[in-house]
């Protein structure tokens, strides 16, 4: 099969966390020039610097993750609340704001946001985490429709139950309560990281040009 | 790109209508053994006969259409109502019912229901058509979750503004009515049939095993 991202320049943020490793591996295997990014994007200037240094960017994989602390809403401090938005929401806007102008001027570009199904379905105790994930998805819908007029595709994957080094670590998967938790998932298994990356590849590639501002649940039937 | 369906046997119903022609040609290019079927599926035994005649079926594409019946709700007769469900809803269940046992037994199979965004966003004069398309989506969600533990994936699309001989034929594509409607579409254009078929291919192919019971709009941002 010919490479599906041959010659494309791709930024993957938080390249060591969440879906970063799976995305870098899949995109590189498909011929992309991957820029695996690891800087702290909480710094207000960081996203702009990153995009400036990257130069020509065909694809942005906005992979932003902060571990859920599992506090019930009454126990979520202002600091925890702000931390979720500082890690996952504000950098999302800054990244997209920085990369959109060049994509719009070329009338071509793909932005894939690696979001969470926690932004779609209520689960306790995840108020702060889920609110930030929900903000990501609503942002994608609105910015996605806006960017459509410039032929730039912004879409999001809302995943859950997917193997990754941040939220489904080997320790979590090996825990005694995990089989019980997995009973909520119709598919009855975790997704491999590459399966989520394959959906990201579809959304980053040339076959998805008609999708704008759309959320793709990816959760083994947990969220239909 | 080729061979994504190599060695797979795929049934495509109503092969001359709606998304049939584009799905058949793309699947053939991707190496599938395609059973392009054009029998009248309104007969209660037709779906069973089709599946029996086909033998091993890895992929079932439920492509069912009825020329867009526009009618006000209070003027829709029982006959009109029934004719829509008989054409696009009841055959869907019979097809899926006939295909599932062998897929469950092999713990492998993909069913894609090619649906309509008329079920995702209200439009005038389409209460009957929209209800029938909505029945398809609700069915896909429930069956999708039901058969997920057997590693069979059932998913649906909800498309609109896609070139196809049934709903967006060449003559209509040139009309002023369509130009007016396109103003509502963030994409600002129609999708080609081939682009839409590529998404069906993703759902029928080997990279989407973790998606089940999912309904995906395919509408250029119109449903966002």
Taking helices (runs of 4 or more DSSP H) that do not extend beyond region B:83-202, which have at least 3 residues that are within 14 Å of chain A (Cβ to nearest Cβ)?
B:127-147
Within region A:180-205, residues at the interface with another protein chain (Cβ under 9 Å from one of its Cβ atoms), touching a helix residue (DSSP H, G or I) at 6+ places or on another chain (Cβ under 9 Å) and either closer than 18 Å to residue B:195 by Cβ or in a strand (DSSP E or B) (or both) come out as A:199, A:201, A:202
Condition met for residue B:58 (farther than 21 Å from residue B:166 by Cβ and out of contact with any strand residue (DSSP E or B) (no Cβ under 8 Å at 6 or more places or on another chain))
no
Which numbered condition residue B:16 misses (of (1) within 17 Å of residue B:165 (Cβ to Cβ); (2) without any contact (Cβ under 8 Å) to a residue 60 or more places away in the chain):
(2)
Scanning region A:63-95 residue by residue, those in contact with a strand residue (DSSP E or B) (Cβ under 6 Å, 6 or more places away or on another chain) and without any contact (Cβ under 8 Å) to a residue 60 or more places away in the chain turn out to be A:63, A:92
For region B:1-19, what are the residues that are exposed (fewer than 14 other Cβ atoms within 10 Å of the Cβ), modelled with pLDDT of 95 or more and within 14 Å of chain A (Cβ to nearest Cβ)?
B:6
Residues in region A:148-179 that are within 10 Å of chain B (Cβ to nearest Cβ), under 21 Å from the mean Cα position of the chain (by Cα) and assigned to a loop (DSSP other than H, G, I, E, B) total 2
Just need a number here: residues in region B:213-224 that are touching a residue at least 40 places away in the same chain (Cβ under 8 Å), in a loop (DSSP other than H, G, I, E, B) and either at the interface with another protein chain (Cβ under 7 Å from one of its Cβ atoms) or touching a helix residue (DSSP H, G or I) at 6+ places or on another chain (Cβ under 6 Å) (or both).
5
Is it the case that region A:207-216 has a residue that's crowded, with 24+ Cβ neighbours inside 10 Å, within 7 Å of chain B (Cβ to nearest Cβ) and without any contact (Cβ under 8 Å) to a residue 12 or more places away in the chain?
yes
Among (1) within 14 Å of another protein chain (Cβ to nearest Cβ); (2) within 15 Å of the chain's Cα centre (by Cα); (3) buried (at least 17 other Cβ atoms within 10 Å of the Cβ), there is one condition residue A:138 misses while meeting the rest; what is its number?
(3)
Of the criteria (1) in contact (Cβ under 8 Å) with a residue 60 or more places away in the chain; (2) in a helix (DSSP H, G or I), which one residue A:112 fails:
(2)
State which residue pairs qualify: first residue under 17 Å from residue B:138 (Cα atoms) and inside region B:93-114, second residue in a loop (DSSP other than H, G, I, E, B) in any location, beta carbons under 6 Å apart, and separation of 6 or more residues or different chains.
B:114/B:19
Look at residue B:210 and say whether it is without any contact (Cβ under 8 Å) to a residue 40 or more places away in the chain, assigned to a helix (DSSP H, G or I), touching a helix residue (DSSP H, G or I) at 6+ places or on another chain (Cβ under 6 Å) and facing chain A (nearest Cβ under 7 Å).
no
Give the residues of region A:3-53 that are in a loop (DSSP other than H, G, I, E, B), in contact with a strand residue (DSSP E or B) (Cβ under 6 Å, 6 or more places away or on another chain) and over 22 Å from residue A:100 (Cβ atoms), sorted by residue number.
A:18
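The values are calculated or read from the model by the stated rules, or taken from the named source; none is laboratory data. Note that the structure is a prediction, hence the values are computed from the model and not measured. Using ideal geometry, Cβ is built from the backbone for each residue, glycine included, and neighbour counts are taken over all protein chains shown.
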